[in-house]
Amino acid sequence: MGAGVLVPTMGALHAGHESLIARARAVADERRSPVVVTVFVNPTQFNESADFERYPRTLDADTAIAERGGADAVYAPDVREVYPDGPAEWAGELPRVATAPGLEDRHRPGHFAGVCQVVSRLFELAAPQAAVFGEKDWQQLQVVRAMAGAQHRVEVLSAPTVRDKDGLALSSRNRFLSDEERAEALAIPRALGALSPADNAPVLERMLRRGLLGAAIEVEYAVVRDAETLEAPRRGRPRRALVAARVGMVRLIDNQDVGVWEEPTDQAGA
Ligand code: AMP
């Protein structure tokens, strides 16, 4: 049995991370266990070396934010500690759930192997009872939950996406957006926020794409899927709308709950 509640991050902490830490704190208080925030920019989950190189590293500020959020410790290992034999390809097995629906898995090949590798390793090193992940990275949350269930005795908890006042989901990469790019990026939360749970998936996808049309962004996907498997939505199950787009040199992802797909009652017997 492990101890403590873990909040894995890559640093450059913002209010989104702070909310995960606060959630971890609340859970840890009930269990009288510590909260540990990990800060590790994991080389094996990056697809582009330029993205890895320029990823912001701000450990002093991160430590202050972690403390403010209620963490008991910040664990910022170096690469040798996490990967004593070097950051080689992961030898583990990906879970079946949510790893091949053609979303992040398609646009960032190898990304989830890197995520599962580092999360497994951090679970080994810190031996937590539970770990908190953000809904902002929705597919990652489903993959990690499936992996933790199958391969570790670690409970995966989640916390909602924290947004800036203008609606943009907080992300460590937002700092690379120019003012003009940021204005274009706002099409993403606007299009997601306009969706109604009363509509069926094809209607939602049309509305979503229409909402993104005209913005100076390159949409990689804009879809409505089963919230857990991320395959096609199924009747009676929760659905999620998910978007990935490039804005200038920044890749942004966001998602939104769009309710359960219910049988339309007004068409019964039609
Ligand atoms: P990262 O440091 O970006 O790898 O993210 C570490 C954790 O913070 C992940 O579980 C993310 O889903 C979560 N996270 C990132 N941005 C946000 C946000 N805006 N709101 C809530 N959680 C977030």
Can you work out ³J(HN,Hα) from phi for every residue in region 22-38, in order, using Karplus 6.51 cos²θ - 1.76 cosθ + 1.60 and θ = phi - 60°, giving whole Hz and x for Gly and Pro?
-> 5, 5, 4, 4, 4, 5, 5, 4, 4, 9, 6, 10, x, 9, 10, 9, 9
Using the alpha-carbon centroid of each, what span in Å lies between region 108-136 and region 196-234?
-> 27
Max mean-square fluctuation residue, GNM over the chain, Cα-Cα springs under 10 Å, options GLU18, GLU104, GLU81 | GLU81
With the chain treated as a Gaussian network of Cα nodes joined by springs under 10 Å, which of MET147, MET207, MET249 yields the largest mean-square fluctuation?
-> MET249
How much accessible surface area, in Å² rounded to 10, belongs to the heavy atoms of ASP226 with a 1.4 Å probe?
-> 0
Gain on full stretching of the segment that runs from ARG153 to PHE52 - 0.36 nm per residue minus C-alpha separation | 33.3 nm
Once every Cα of the chain carries one equal point scatterer and solvent is ignored, give the base-10 log of I(q)/I(0) from the Debye formula at q = 0.08, 0.12, 0.16 Å⁻¹, two decimals.
-> -0.34, -0.76, -1.33
Most mobile listed residue (THR99, THR38, THR58) in the chain, GNM with C-alpha springs under 10 Å | THR58
The answer for the chain, accessible area per residue at 1.4 Å probe in Å², is 49
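The values are calculated or read from the model by the stated rules, or taken from the named source; none is laboratory data. Remember, it's a predicted structure, so these values are computed and weren't measured experimentally. Surface accessibility is based on the protein's heavy atoms, side chains included, excluding ligands, DNA and RNA. Shrake-Rupley method; radii C 1.70, N 1.55, O 1.52, S 1.80 Å.
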